[in-house]
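The values are calculated or read from the model by the stated rules, or taken from the named source; none is laboratory data. Remember, predicted model here, so these are calculated numbers, not experimental data. So basically every Cβ, Gly included, is an ideal-geometry build from the backbone, and we count neighbours across all protein chains shown. Keep in mind that these areas ignore ligands, DNA and RNA; they rest on the heavy atoms of the full protein, side chains included. Shrake-Rupley method; radii C 1.70, N 1.55, O 1.52, S 1.80 Å.
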Amino acid sequence: MNRRTIEDAWVPDCPIRNILARFGDKWSLLVFFVLSKNGTMRFKQLQRSIPDISQKMLTVTLRTLEEDGFVVRTVYPEVPPRVEYTLTPRAESLLPHIEGLIGWAAEHAQAILHDRKTAQTHA
């Protein structure tokens, strides 16, 4: 899926699909969560905090979040260059909803995993 152009073929201007698809992917919510817990972070710190994300996917995710105004990328003119990422006020306003989703997932995780296992044995 091309993360930069997400459209619904039937309703191309659908704000729900368009916006949620940009940060509701596999990695963006994890980046939100890690930055919310740690504050401003450098790229390698983020990558170490999400160990199964590749360098390429972290780069793509951060660029997408920056394009949508969720993350600020600050480059310091040093040698070697230092780049830091931090959440914007827009992202901060989304955090209570993300934390609610995380809480819901934690509360229901065991039951969901049990149901998955049951469904696989009956398939």
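Points worth noting:
- One residue stands out among those in segment 67-97 that are in a helix (DSSP H, G or I) and within 11 Å of residue 35 (Cβ to Cβ): the one that is least open to solvent (accessible area, probe 1.4 Å), which is 91.
- Tabulated pairs, segment 55-77, first under 18 Å from residue 91 (Cα atoms) and among the aliphatic types (A, V, I, L, M), second open to solvent by 50 Å² or more (accessible area, probe 1.4 Å) and in a helix (DSSP H, G or I), C-beta under 8 angstrom, 6+ apart or interchain: 72/66
- Output for segment 27-52, where each listed residue is open to solvent by less than 80 Å² (accessible area, probe 1.4 Å) and farther than 13 Å from residue 84 by Cβ: 27, 28, 29, 30, 31, 32, 33, 34, 36, 47, 49, 50
- Residue in segment 80-89 that is without any contact (Cβ under 8 Å) to a residue 12 or more places away in the chain and closer than 19 Å to residue 24 by Cβ present: no
- Of the residues making up segment 100-114, those that are of a type outside the set (Gly, Ala, Ser) and without any contact (Cβ under 8 Å) to a residue 60 or more places away in the chain are 104, 107, 108, 110, 112, 113, 114.
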